[in-house]
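These notes concern the structure reproduced below.
Laboratory data are not the source of any read-out in this text; all were calculated from the coordinates shown. Values in this document were obtained by computation on a predicted structure and should not be read as measured data. In this analysis, Cβ positions are derived from the backbone assuming ideal geometry, glycine residues included, and neighbour counts consider all displayed protein chains.
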Amino acid sequence: PVDEELVASLEAELETAEAAVAEATTAAAAAQEAIATLKTELETATAALTDATEAASEAIATIDALQTELAVATAAQTAAAEAAASAKAAVETAVQVAEATAAHEAAVAAVASITDALEEAKNADPVD
């Protein structure tokens, strides 16, 4: 004889199990969709990271080039400042030489004038 109560109980368990399988299947499908979405997002993020890394490399190269240019410009500025200081010293020396030359010429002229006056005095007719 068939145990109707047992059959009913097993059918109820089967329905519950089938519902659980259906829920699990739906959850698995949702998980698969989520995985696919996450894979796409990961690929997008990886591509963005690659682009950012390349841009950062370019920026670092630009910074390195600018630092090199700055070092060259700083050296040129230092050289120019040294050249300006040398030129200033040369101008100051030239001014001193010009002043000394003018003073020498004035002294030579004064000596010549005094020498001429002395010669005139020596050659002048005696005063009575």
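Kindly provide the helix-only [θ] at 222 nm of the chain, computed as the sum of -39,500 (n - 2.57) over DSSP H runs of four or more divided by all residues, to the nearest 500 deg cm²/dmol?
Details: 1 runs with 120 residues, N = 128.
Using -39500 (n - 2.57) per qualifying helix, the result is -36000 deg cm²/dmol.
Identify which of 40, 16, 50 has the largest mean-square fluctuation in a Gaussian network model of the chain, with springs joining Cα atoms closer than 10 Å. Taking springs between Cα atoms under 10 Å, the residue moving most is 16. For the chain, a Gaussian network of Cα nodes joined below 10 Å ranks 34, 17, 94 by mean-square fluctuation, and the top entry is 17.
When the Gaussian network model of the chain links Cα atoms closer than 10 Å, the mean-square fluctuations of 57, 113, 86 top out at 113. Compactness ratio for segment 60-128: Cα radius of gyration over 2.2 N^0.38 Å (N = residue count) comes to 2.69. Values of log10 I(q)/I(0) for the chain across q = 0.09, 0.14, 0.19 Å⁻¹ run -0.76, -0.96, -1.11, by the Debye formula with one identical scatterer at each alpha carbon and no solvent. One equal scatterer on each Cα of segment 15-60, no solvent, Debye formula: the resulting log10 I(q)/I(0) at q = 0.14, 0.16, 0.26, 0.31 Å⁻¹ is -0.53, -0.59, -0.84, -0.95.
Between residue 19 and residue 43, how high is the FRET efficiency from 1/(1 + (r/R0)^6) when r is the Cβ-Cβ distance and R₀ = 35 Å? Nearest 0.05. If you can, show how the numbers build up before the last one.
Working: r = 36 Å, r/R0 = 1.04.
E between residue 19 and residue 43, to the nearest 0.05, is 0.45.
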